[in-house]
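Everything below concerns the one structure shown next.
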Amino acid sequence: MQLTKISLQNFRSYEKRTFELGEKTVIVGENGSGKSNLMEAIYMLAVGKSFRADREEEMVKHGENFFQIIGQISQIGQIGQIEITMTEGRKRFLVNGVARRMVDFVGRMPAVCFSPQDMELVTGSPSGRRRYLDFVISQMDREYRRCLISYEKGLRQRNKLLDMIREGLAERSQLFFWDRLLIKNGEYITLKRAEYLTDLAEYDKSVISEARLKQYEIEEVAAAATLVGPHRDDFVVQILNSKSEVPRDVSKYGSRGEQRMAVLGLKRKEISYLGGSPVLLLDDIFSELDHQHREEVMKLVEGYTGQVVITTCDSRIFSVKYPQWICIFLNTP
Ligand SMILES: Nc1ncnc2c1ncn2[C@@H]1O[C@H](COP(=O)(O)OP(=O)(O)OP(=O)(O)O)[C@@H](O)[C@H]1O
Ligand SMILES: [Mg+2]
């Protein structure tokens, strides 16, 4: 599976542009030249949504009212076309010219993306880490996705009910139904998260069970919030560097370069979890990395069996040591 060509129209800084991509491609350009914009567009084709836009309308080029991303994918000799357009704030998905729902669109071009924003996976809040876990596991596990939706709905209802109990408007016994629902779905979520994080990170789980809910029943009513369960989970990535003999929390003790490599470690797990050879997108991966770590990244991508797209503002490493990479130079607008 390879993305051989991508055409953008009115997408962020791009008015109209087509890129032909190889098995290994490096996108070279200065700050603001559109490297991350291109990566965002490619990853959109994979997952149907942006990795950085809060409001997806912001991806439409200033002054325009629509965007279009067309990808040409080739797979065992077959060529297909996947397309995303946005008009009047609405996204549309097409496969070989036929309209599809987003759920049926996603997965045609599996990809794993590292973007500078992903540094938050180690430096940011637990909610970002939970969102990441949910996003990855949901792609492969429909039951997980179902449990998650059911759990989140149930959680909102249960919290509302706790509030009513506090105000004397409802009975404690009414919690029973929601307790059952949260425990049933929560157990599955916890199990799958634990499996995913094995050998990857320290899972700091908030187990949901009858006993635990009982333990916190008074506090829960006082707070009008459910105090245990996977919505309180976190995980800690640890590193063992040459100077320390015990693994330590990389968010607290890691250098920026070490944190970057730790995030890359999370992405490697994502690759093996998704299976096959997803397209690997590395946006600005080399920043903050020293020579040795850059070589480590190059070794990883050179040995990778799937397609790789990397962006960088410094192409020297490629022109000197890896001349077989297709180089695309972006001009600063
Ligand atoms: N909706 C939009 N319409 C027009 N231009 C946009 C839009 N959104 C972003 N841009 C512009 O796109 C330009 C390129 O952004 P991009 O993030 O791709 O740069 P980059 O090459 O990744 O730079 P860096 O090396 O700093 O990461 C920015 O100057 C930004 O102003
Ligand atoms: Mg960028």
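The values are calculated or read from the model by the stated rules, or taken from the named source; none is laboratory data. This is a predicted model, so every value here is computed, not measured. Neighbour counts are summed over all protein chains in view; Cβ atoms, including those assigned to glycine, are modelled from backbone coordinates with ideal geometry. Side chains included, ligands, DNA and RNA excluded: accessible areas come from the protein's heavy atoms. Shrake-Rupley method; radii C 1.70, N 1.55, O 1.52, S 1.80 Å.
Which of rounded, prolate, oblate describes region 141-236, given a ≥ b ≥ c as roots of the alpha-carbon gyration tensor eigenvalues and a/c under 1.5 marking rounded, otherwise prolate only if a/b is larger than b/c? Please list the in-between numbers first.
Working: a/c = 2.66, a/b = 1.84, b/c = 1.45.
Prolate, since a/c reaches 1.5 and a/b exceeds b/c.
Relative to the longest principal axis of the C-alpha atoms of the chain, give the angle of the C-alpha long axis of helix 291-302, reported between 0 and 90° and rounded to the nearest 10°.
Here the helix axis deviates by roughly 90 degrees.
List the aspartates and glutamates whose Cα lies under 18 Å from the Cα of LYS192, skipping any in the same chain that are fewer than 8 positions away.
ASP134, ASP141, GLU143, GLU152, GLU202, ASP204, ASP233, ASP234, GLU270
Ranked from highest to lowest mean number of other Cβ atoms within 10 Å per residue, what is the order of the peptides 70-79, 11-20?
Working: 70-79: 13.2, 11-20: 16.3.
Descending mean neighbour count gives 11-20, 70-79.
Rounded, prolate or oblate: which fits region 1-149, taking a ≥ b ≥ c as square roots of the Cα gyration tensor eigenvalues, rounded meaning a/c under 1.5, else prolate when a/b beats b/c? Mind dumping the intermediate values first?
Values: a/c = 1.39, a/b = 1.18, b/c = 1.17.
Rounded shape, in that the Cα axes give a/c under 1.5.
Taking the chain as a Gaussian network, Cα atoms linked when under 10 Å apart, which of THR311, THR198, THR123 shows the biggest mean-square fluctuation?
Fluctuation is largest for THR198.
Count charges around ALA53 for me, please; just the other residues with Cβ under 10 Å from its Cβ, Lys/Arg as +1, Asp/Glu as -1.
With Lys, Arg at +1 and Asp, Glu at -1, the net is -1.
Taking 30 Å as the cut-off for C-alpha to C-alpha distance, list the pairs among LYS61/LYS269; LYS5/LYS299; LYS91/LYS267; LYS91/LYS321; LYS35/LYS205 that go past it. Please list the in-between numbers first.
On the way: LYS61/LYS269 34 Å; LYS5/LYS299 25 Å; LYS91/LYS267 27 Å; LYS91/LYS321 41 Å; LYS35/LYS205 37 Å.
Violating the 30 Å Cα-Cα cut-off are LYS61/LYS269; LYS91/LYS321; LYS35/LYS205.
Given the peptides 95-102, 174-181, 315-322, arrange them by the average over their residues of other C-beta atoms within 10 Å, most packed first. All intermediate terms of the calculation are to be shown ahead of the outcome.
Working: 95-102: 11.5, 174-181: 15.4, 315-322: 13.8.
Those peptides, ordered most packed to least, come out 174-181, 315-322, 95-102.
Relative to the longest principal axis of the chain, what angle (0 to 90°, nearest 10) does the C-alpha long axis of helix 142-166 take?
40
When the accessible area of the chain is computed with all protein chains present and a 1.4 Å probe, what percentage of it is carbon and sulfur? Can you show the working numbers first?
On the way: 8400 of 17090 Å².
Heavy-atom surface of the chain belonging to carbon and sulfur, 1.4 Å probe: 49 percent.
In terms of modelled amide H atoms, which long-range or inter-chain residues lie less than 5 Å from the amide H of PHE114?
Result for PHE114 returns LEU281, LEU282, ASP283.
Rounded to the nearest Å, what's the spacing between the alpha carbon centres of region 252-275 and region 70-103? Just the number, please.
Cα centroid of region 252-275 versus Cα centroid of region 70-103: 30 Å apart.
Can you report the principal axis dimensions of the chain using only the alpha carbons, biggest first, rounded to whole angstrom?
Here the Cα extents, ordered largest to smallest, are 68, 55, 38 Å.
Take the Cα gyration tensor of region 76-163, multiply each eigenvalue by 5, square-root it, and list the three semi-axes largest first, rounded to whole angstrom.
Values: eigenvalues 188, 75, 42 Å².
Listed largest to smallest, the semi-axes of region 76-163 are 31, 19, 14 Å.
Arranged from highest to lowest average of other beta-carbon atoms within 10 Å per residue, in what order do the peptides 38-50, 222-234 appear? Before the final figure, lay out each step's value.
Details: 38-50: 21.8, 222-234: 18.7.
Highest-to-lowest ranking by the protection proxy: 38-50, 222-234.
Skip the ligands, DNA and RNA, and give the accessible area per residue of the chain with a 1.4 Å probe, whole Å². Intermediate results must be reported in sequence, preceding the final value.
On the way: 17090 Å² over 333 residues.
Result: 51 Å² of accessible area for each residue.
Could you name the aspartates and glutamates in cross-link range of LYS214, using Cα to Cα under 14 Å and dropping any fewer than eight places away on the same chain?
Once the sequence-local aspartates and glutamates are set aside, what remains near LYS214 is ASP179.
LYS160 accessible area, nearest 10 Å², 1.4 Å probe?
LYS160 has an accessible surface of roughly 130 Å² with all protein chains in place.
Sorting PHE329, PHE66 by accessible area (1.4 Å probe), largest first, what list results?
On the way: PHE329 120, PHE66 60 Å².
My answer, sorted largest first, is PHE329, PHE66.
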